[in-house]
Amino acid sequence: MPARHCNAYYRLRFAHYPFVLASAPLMSLFGAEALAQTADPQATAALAPVTVTAQRYEESAQNVGIALTALQGQDLKDKGVTQVNDLQNYVPNLDIVPQYGSGNPLFRIRGVGLKDYGSNNTSTVGVYLDQVALPYPIQTQGQLFDLERVEVLRGPQGTLYGRNSTAGAINFITNKPTRELHGGLTANYGSYHASSLEGFLSGPLTEDLRARLAFITEQGGAWQDNRVTGQSLGDKDNTSLRAQFDWDATPGINFNLTVHGGKDQSDSLGSRLYQGLVPNATYGGGYATIAPESNSKQTGWGLTPGFAKFTGLSAHDKPHRDNDNTGLALTSKFDLDDHLSVTSITAVDRFRRREYIDWDASVIPQSDEYFDSKINVFSQELRLASQDNERFNWQTGLYFAKDKLDEQFYSDFSANLGYGTFTSYEQKADTYGVFAQGDYRLTDTLKLIAGVRQEREHRELEDFTTQRILVNSGVYSLGPASFPAADSDLRSDSTSWKLGLEYQFSPSTLLYSTISRGIKSGGFTAYNSSYAEQIAPVKPEKLLAYEVGFKSDLTRTLRLNGSAFYYDYRDQQYQSQVWISQTVGNVGRLVNIPKSKIYGYELELQWEPISGLTLGQYFGTKKGKYVDYQGLNSTATRAAHYAYPVYTDFSGQALSNFPETSYGGQVQYVWNVPGFTLSAQSDYSYHDSIQGSSGTTTRAYWLANARLGLAPAGSNWSVALWAHNLFDKDYDLYHGSFLSNAQIATAGEPRTVGVQANYEF
């Protein structure tokens, strides 16, 4: 059987046997007989209720007509999840990958995502920390700690959220100050001398004022080596702090002030040259050819003394980050009466990015990159909402945000082109929005939901310039501007909306259907752009989503949720090329694809067959096609010696820049023995292959993790042994190339094992 048919065959088999897969890891640990003997026959199994705030007020997740996954903060801590990228292992149709190994992630939900290594464009996925939007993807790379839960919403959002989004939203909800003194510490130590320490202290300061201080620090963990020198790469060195103050000014007025900060001086991820590297014959003739590599633990890097001096780096620097962030948010809630409230959210965030990355993964100076970025964001949201009305509930609000990004981007192409480039610009954005959503109960079992948002946005690219960096006898100097200082401007006025029906088929089963329209902001191509055609704005993209779904508690111990969707995708933003002239040829630029479509479905299952045993499963799949897209054929244009551009009709071809299938699950068993509580859990995930636009493929892979825990009965401490990537799977998170002769693969971590200790009071 051909390999491609084998892969499809096994994917189908796995998809049809979720219970077998879910049970297998546990049975291998204990055996069916052990389970029967250790279960408490007097205990009553039942799934715990899940409360979410996906619609800006607390309600059961099973009563929300939205495809969402809620992950509890304690579960994420037990799994060792400390960065947003790891969430892709626990949510169907969610992908978060490091582009070119950098700290700038690519978010995709249901295949909707923007591949763009620049810092300046917003994501298709809205990311929120306690209802405050983080508009730039690089801002999301802070540490995850002291969380109550994470909610991942799939499908367009906007009628209830600060920012519009076409793909969905990820909401991080932190633990709030407590009315009683409470504290704790969690420590981890594992392979490659990796360590972490997380803690919190929470309690009352006065009768009406409470406070909470939380922190996390991570160190060590270098698992990659320089292929030439043997020097290690991959150490973490980051610390984050958060302080919250919660004040009940009166019985109906509450203020929550959050102040946070963090610093990240970790090594960057290295890449391997899976196709090898043949240096440029003219400018890189002094360097040796590198053979294709299969060992993901080996990588390479190197800075010339001249480029290091020019950027302020050291010639001996490893790829690394030197990022810091600070911010504060004031959330004020006023209960005007028993049925009406006002909420105000005022936030300021600052992010500084300094990151050196080697995109040729070698000592050859043909694609060494350095980002120096400053982001400042101010936002204000004001909402008026009804409360606890029997038939009609509604929310309406105003939103304003002001963003500013100053960025300098350095590239050393001296061994490939004979020079480097320096890009500098300032981007400003003002966003104004007014939104409203309401739900009306037509009957006791049928509810109508309607929402609308009007948004006006002004984006400006100012003093944009690209200059060559000249190289003479190893000395780097700034040459004349290849593109003199210029400005670009984009004004947009867009409407997003939602219309839905929810039918309570039975007390434990909800059916829903929605039609919604989402918008993603337009933007600019801001990487090494040397021509006016490149910085012309890319238009906002629009997505019209049709969705049906159900949420059902089949029994007290068995829950099954599902959804199916169809997307009419217009003006999709896509990283491509444009033809400039016969002399210049093609250059990179973001473009709009007039029309495409994506469709698929998701299933999520939770089951507690006996007390203490919990099984979870998820499955997601999606496919897409271009409906109307006449794209530049860069290969044919090059073959025509750039005399004229050659275009290809891609209409009807499959979208291939996202994985079609995602699958995963977890098994957990908790049981008592004299004097102790024991726990064992395993989780696993499958990520499908991705066919890239350059013809390269990121291979499909499986991951599995495991954890064994022990806690003395009635004590306030516990210990656990854990293993990540249990079977030491060799896999890649990302394939890409900045230059055609350096195809790089960013590898995932190998197997790591460790011990965790937890203490609370």
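Quick check: is even one residue across the stretch 464-484 at pLDDT 95 or above and under 21 Å from PHE524 (Cα atoms)?
No - not one qualifying residue is present in the stretch 464-484.
Could you list, in sequence order, all residues of the stretch 58-80 that are assigned to a loop (DSSP other than H, G, I, E, B) and over 18 Å from LYS498 (Cα atoms)?
Those that are assigned to a loop (DSSP other than H, G, I, E, B) and over 18 Å from LYS498 (Cα atoms): GLU58, GLY80.
Residue by residue through the stretch 328-357, note down the ones that are among the hydroxyl-bearing types (Ser, Thr, Tyr) and buried (at least 18 other Cβ atoms within 10 Å of the Cβ).
THR331, SER341, THR343, TYR356, listed by residue number.
Being within 12 Å of GLY585 (Cβ to Cβ) and either touching a Leu at 6+ places or on another chain (Cβ under 7 Å) or part of a strand (DSSP E or B) (or both) is the filter here, so list the residues in the stretch 613-638 that pass it.
Scanning the stretch 613-638 gives a single hit, LEU632.
Might you check whether a residue that is under 25 Å from the mean Cα position of the chain (by Cα), among the charged types (D, E, K, R) and within 30 Å of GLY199 (Cβ to Cβ) occurs anywhere in the stretch 268-288?
No, the stretch 268-288 has no match at all.
Is there a residue in the stretch 558-578 that is of a type in the set (Asp, Glu) and more than 25 Å from PRO156 (Cα to Cα)?
No, the stretch 558-578 contains no residue that is of a type in the set (Asp, Glu) and more than 25 Å from PRO156 (Cα to Cα).
Could you count how many residues in the stretch 470-492 are touching a Ser or Thr at 6+ places or on another chain (Cβ under 6 Å) and touching a residue at least 60 places away in the same chain (Cβ under 8 Å)?
Counting residues in the stretch 470-492 that are touching a Ser or Thr at 6+ places or on another chain (Cβ under 6 Å) and touching a residue at least 60 places away in the same chain (Cβ under 8 Å) gives 2.
Considering ARG707, ARG699, which residue is surrounded by fewer than 16 Cβ atoms within 10 Å (Cβ to Cβ) and either among the charged types (D, E, K, R) or touching a Ser or Thr at 6+ places or on another chain (Cβ under 6 Å) (or both)?
Going through ARG707, ARG699 in turn, just one is surrounded by fewer than 16 Cβ atoms within 10 Å (Cβ to Cβ) and either among the charged types (D, E, K, R) or touching a Ser or Thr at 6+ places or on another chain (Cβ under 6 Å) (or both): ARG699.
Do any residues in the stretch 276-294 that are touching a residue at least 12 places away in the same chain (Cβ under 8 Å) and closer than 19 Å to TRP359 by Cβ have Cβ atoms under 9 Å from those of residues that are in a loop (DSSP other than H, G, I, E, B) and among the charged types (D, E, K, R), where the two are at least six apart or on different chains, and which pairs are they?
Here the result reads GLY276/GLU293; LEU277/ASP360; ILE290/ARG227; GLU293/ARG227, each pair linking the stretch 276-294 to a residue that is in a loop (DSSP other than H, G, I, E, B) and among the charged types (D, E, K, R).
Residue check, THR555 against (1) hydroxyl-bearing (Ser, Thr, Tyr); (2) without any contact (Cβ under 8 Å) to a residue 24 or more places away in the chain; (3) buried (at least 20 other Cβ atoms within 10 Å of the Cβ), all met but one. Which one?
Checking THR555 against (1) hydroxyl-bearing (Ser, Thr, Tyr); (2) without any contact (Cβ under 8 Å) to a residue 24 or more places away in the chain; (3) buried (at least 20 other Cβ atoms within 10 Å of the Cβ), the one that fails is (3).
Across the stretch 195-219, which residue is farthest from ARG321 (Cα to Cα) among those that are within 23 Å of the chain's Cα centre (by Cα) and not hydroxyl-bearing (Ser, Thr, Tyr)?
Only one residue fits best here, namely ALA214.
Evaluate the following for ALA429: is it surrounded by 18 or more Cβ atoms within 10 Å (Cβ to Cβ) and either part of a strand (DSSP E or B) or under 26 Å from the mean Cα position of the chain (by Cα) (or both)?
yes
Going by the structure shown, is ASN672 surrounded by fewer than 17 Cβ atoms within 10 Å (Cβ to Cβ), touching a residue at least 40 places away in the same chain (Cβ under 8 Å) and at negative phi?
So ASN672 passes the test.
Quick one: which residue in LYS498, LYS520, LYS539 is modelled with pLDDT of 90 or more and under 30 Å from SER367 (Cα atoms)?
LYS539
Can GLU660 be described as among the charged types (D, E, K, R) and farther than 27 Å from HIS193 by Cα?
yes
Please state which of the following conditions THR174 fails to meet, knowing it meets all the rest: (1) closer than 30 Å to VAL363 by Cα; (2) in contact with a helix residue (DSSP H, G or I) (Cβ under 9 Å, 6 or more places away or on another chain).
The single condition THR174 does not satisfy is (1).
Please go through the stretch 310-361 and give me each residue that is modelled with pLDDT under 95 and of a type in the set (S, T, N, Q), ordered by number.
Within the stretch 310-361, just SER314 meets the criteria.
Could you identify the single residue in THR124, THR166, THR178 that is among the β-branched types (Val, Ile, Thr), over 12 Å from the mean Cα position of the chain (by Cα) and surrounded by 24 or more Cβ atoms within 10 Å (Cβ to Cβ)?
THR166
Could you figure out which of (1) buried (at least 16 other Cβ atoms within 10 Å of the Cβ); (2) closer than 20 Å to ASN120 by Cβ; (3) among the charged types (D, E, K, R) isn't true of ASP368?
(2)
Quick one: in the stretch 60-107, which of the residues that are within 27 Å of VAL719 (Cβ to Cβ) and of a type in the set (Asp, Glu) is surrounded by the most Cβ atoms within 10 Å (Cβ to Cβ)?
ASP78
Go through the stretch 487-513 and report how many residues are touching a His at 6+ places or on another chain (Cβ under 9 Å) and either more than 21 Å from GLY168 (Cβ to Cβ) or of a type in the set (Val, Ile, Thr) (or both).
Qualifying residue count for the region: 3.
Hey, can you tell me all the residues within the stretch 639-677 that are in a strand (DSSP E or B), of a type outside the set (Phe, Trp, Tyr) and closer than 25 Å to LEU703 by Cα?
Once the filter is applied, which keeps residues that are in a strand (DSSP E or B), of a type outside the set (Phe, Trp, Tyr) and closer than 25 Å to LEU703 by Cα, the stretch 639-677 yields THR661, SER662, GLY664, GLY665, GLN666, VAL667, GLN668, VAL670.
Could you list, in sequence order, all residues of the stretch 309-327 that are assigned to a strand (DSSP E or B) and surrounded by fewer than 16 Cβ atoms within 10 Å (Cβ to Cβ)?
Correct list: THR326 only.
For TYR419, are the conditions met, namely being buried (at least 20 other Cβ atoms within 10 Å of the Cβ) and either closer than 19 Å to SER314 by Cα or not polar (S, T, N, Q) (or both)?
Judged against the criteria, TYR419 is not a match.
Considering the stretch 594-612 alone, what residues qualify as being of a type in the set (D, E, K, R) and out of contact with any Leu (no Cβ under 6 Å at 6 or more places or on another chain)?
Hits for the stretch 594-612 are LYS595, LYS597, GLU602, GLU604.
Of the residues ALA67, ALA15, ALA45, ALA61, only one is at negative phi, modelled with pLDDT under 50 and of a type in the set (Gly, Ala, Ser); which?
Residue meeting the stated conditions: ALA15.
The values are calculated or read from the model by the stated rules, or taken from the named source; none is laboratory data. Predicted model, so just to flag it, every value in this text is computed and none were measured. Counting neighbours? That spans all protein chains shown, and the Cβs are built from the backbone with ideal geometry, glycine included.
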